1. Based on this model, can you work out whether Ser175 counts as of a type in the set (Ser, Thr, Tyr) and touching a residue at least 60 places away in the same chain (Cβ under 8 Å)?
2. Taking Thr80, is it touching a Ser or Thr at 6+ places or on another chain (Cβ under 9 Å) and closer than 19 Å to Phe204 by Cβ?
3. Would you mind finding the one in Ser234, Ser225, Ser255, Ser270 that is under 30 Å from Glu191 (Cβ atoms) and at pLDDT 85 or above?
4. Could you say which residue among Thr135, Thr147, Thr157 is modelled with pLDDT under 90 and touching a helix residue (DSSP H, G or I) at 6+ places or on another chain (Cβ under 9 Å)?
5. Exactly one condition in (1) buried (at least 20 other Cβ atoms within 10 Å of the Cβ); (2) part of a helix (DSSP H, G or I); (3) not small (Gly, Ala, Ser) is false for Thr135; which is it?
6. Test each condition in (1) open to solvent by less than 40 Å² (accessible area, probe 1.4 Å); (2) within 19 Å of the chain's Cα centre (by Cα) for Asp52 and report the one that comes out false.
7. Within the range 55-74, restricting attention to residues that are in contact with a helix residue (DSSP H, G or I) (Cβ under 7 Å, 6 or more places away or on another chain) and more than 23 Å from Pro152 (Cβ to Cβ), which residue is surrounded by the fewest Cβ atoms within 10 Å (Cβ to Cβ)?
Amino acid sequence: MKARFKKHSILPGFRLTLGYSAFYTLAAVLLPLAAVFWKGVEGGAFLRAAFDPRALQAYRVSFGCALLAAGLNAFFGFVTAWALARYQFPFKRILDAAIDLPLAIPTAVSGIALCAVFAPDGWPGAWFYALGIETAYTPLGIVIALTFIGLPFVVRTLQPALSELDRQFEEAALSLGASRWQCFWRVILPEMAPALLIGFALAFGRALGEYGSVIFIAGNIPYRSEIAALLIVSRLEQYDYHGAAAIACVMLLISFCGLLALNLLQRRLSRGSA
């Protein structure tokens, strides 16, 4: 029985592009990840290395801060994308270009800048410390850094979707007696939910893999502000390659499951809005 493939284009090259995609995925993604798994289980102490108390706390800090930062980016990114897509105001182009700065500058530069600003002797950092709020060298500092580097992913995902959203639906809802808040919650937000979820997933994935902008402001205190990526580097510096690979395997599995769940939810929302 021959396998049937759906061809969605009349142009030739289906088998070539499919074969290249499969080869690239195997060579560039699956083989390196398989090597990480093999290295992690090769030593025979996978569970002990992957689930020791220090590693468990690093997972909590990494995933907790990444989720919180992605949620903040989803909110503020939606507000920023809404302003850029719907309104004209002075210096709009400057603001639009500044959104991409976290992607353009090296992550180490971002970390040094954030540490200088939110340190106890920094301008806003001194105000926070005067109120009893510690920013630098705490999990709060990690959230600040991850929010900084993740905002462009949400804005650039939502901005085209908001620009292409047909305003006739909003005008129809308003003409039928809906308030502006009802129009937003029942017309605009359901249409933007798939794009918003994609932006959240991108920001969350970037936050999990971030290293350079976090290590300066986090303080890297074990059991308090140490992220899993830094713990992996520490294991490598101690020549504990199996322990580093074991922690990487856990991060990979949890990240994959989380992104898969977000992808399935996004597809369901897309079908519902359609």
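1. No; evaluated as a whole, the condition is false for this residue.
2. No: the conditions fail for Thr80.
3. Matching residue, one of Ser234, Ser225, Ser255, Ser270: Ser255.
4. Thr135
5. That leaves (2) as the condition not met.
6. Here Asp52 clears every test but (2).
7. Tyr59
Matching residues to (1) over 30 Å from Val187 (Cα atoms); (2) open to solvent by 70 Å² or more (accessible area, probe 1.4 Å); (3) in contact with a strand residue (DSSP E or B) (Cβ under 8 Å, 6 or more places away or on another chain):
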| residue | (1), (2), (3) |
| --- | --- |
| Phe78 | no, no, no |
| Ala81 | no, no, no |
| Ile94 | yes, yes, no |
| Leu101 | yes, yes, no |
| Ala119 | yes, no, no |
| Pro139 | yes, no, no |
| Leu146 | yes, no, no |
| Pro152 | no, no, no |
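The values are calculated or read from the model by the stated rules, or taken from the named source; none is laboratory data. On a predicted model such as this, the values are computed, not experimentally measured, just so you know. No Cβ is skipped: glycine too gets one built from the backbone with ideal geometry, and neighbour counts run over all protein chains shown. All accessible areas refer to the heavy atoms of the entire protein, side chains included, with ligands and DNA or RNA removed. Shrake-Rupley method; radii C 1.70, N 1.55, O 1.52, S 1.80 Å.
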